[in-house]
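Below is one structure; the comments refer to it alone.
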């Protein structure tokens, strides 16, 4: 499952690169070499700051950037059985973060195993699963 989780992290990293570097290049480029260097350092810091923490029911995606730490989303570890605070989820479901310790349980934003790479990339932005 760890390799599959890496797909989510890769999608987030690619989205951050697109947001910080590609967008600037498409709109006329950077004003200076130092602006481009700053953007590249920001991408590197974001990529190094993405981590996964294993909890009892979920894999938590954590982002450390600009001196702060936030949760970018959750991935369900195993199929949930029974009724628990709303809907039951399947292994690999991508859930948006409701807070530091819990996901939003209204609906999944995709699934690692049944979604195409396109769905994963659209569900996993650099700001989190949503």
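The values are calculated or read from the model by the stated rules, or taken from the named source; none is laboratory data. What you see is a predicted model, and the numbers here were worked out from it, not measured in a lab. Glycine gets a Cβ as well: all are built from the backbone with ideal geometry, and neighbour counts include every protein chain shown.
Evaluate the stretch 1-22: report whether one residue or more is touching a residue at least 12 places away in the same chain (Cβ under 8 Å) and assigned to a loop (DSSP other than H, G, I, E, B). Scanning the stretch 1-22, I find at least one residue that is touching a residue at least 12 places away in the same chain (Cβ under 8 Å) and assigned to a loop (DSSP other than H, G, I, E, B), so the answer is yes. The numbered conditions (1) in contact with a helix residue (DSSP H, G or I) (Cβ under 7 Å, 6 or more places away or on another chain); (2) over 19 Å from residue 104 (Cβ atoms); (3) surrounded by 15 or more Cβ atoms within 10 Å (Cβ to Cβ) are all true for residue 9 except (1).
Could you look through the stretch 114-126, keep only residues that are surrounded by fewer than 20 Cβ atoms within 10 Å (Cβ to Cβ) and closer than 13 Å to residue 10 by Cα, and pick out the one that is modelled with the lowest pLDDT?
Filtering first and then ranking leaves 118.
Can you find a residue that is closer than 17 Å to residue 8 by Cβ and touching a residue at least 24 places away in the same chain (Cβ under 8 Å) anywhere in the stretch 81-89? The answer is no, given that none of the residues of the stretch 81-89 is closer than 17 Å to residue 8 by Cβ and touching a residue at least 24 places away in the same chain (Cβ under 8 Å).
Being within 19 Å of residue 128 (Cα to Cα) and modelled with pLDDT under 90 is a description that does not apply to residue 75. Quick check: anything in the stretch 28-48 crowded, with 16+ Cβ neighbours inside 10 Å, out of contact with any helix residue (DSSP H, G or I) (no Cβ under 9 Å at 6 or more places or on another chain) and in a helix (DSSP H, G or I)? Checked against the condition, which is being crowded, with 16+ Cβ neighbours inside 10 Å, out of contact with any helix residue (DSSP H, G or I) (no Cβ under 9 Å at 6 or more places or on another chain) and in a helix (DSSP H, G or I), the stretch 28-48 yields no hits at all.
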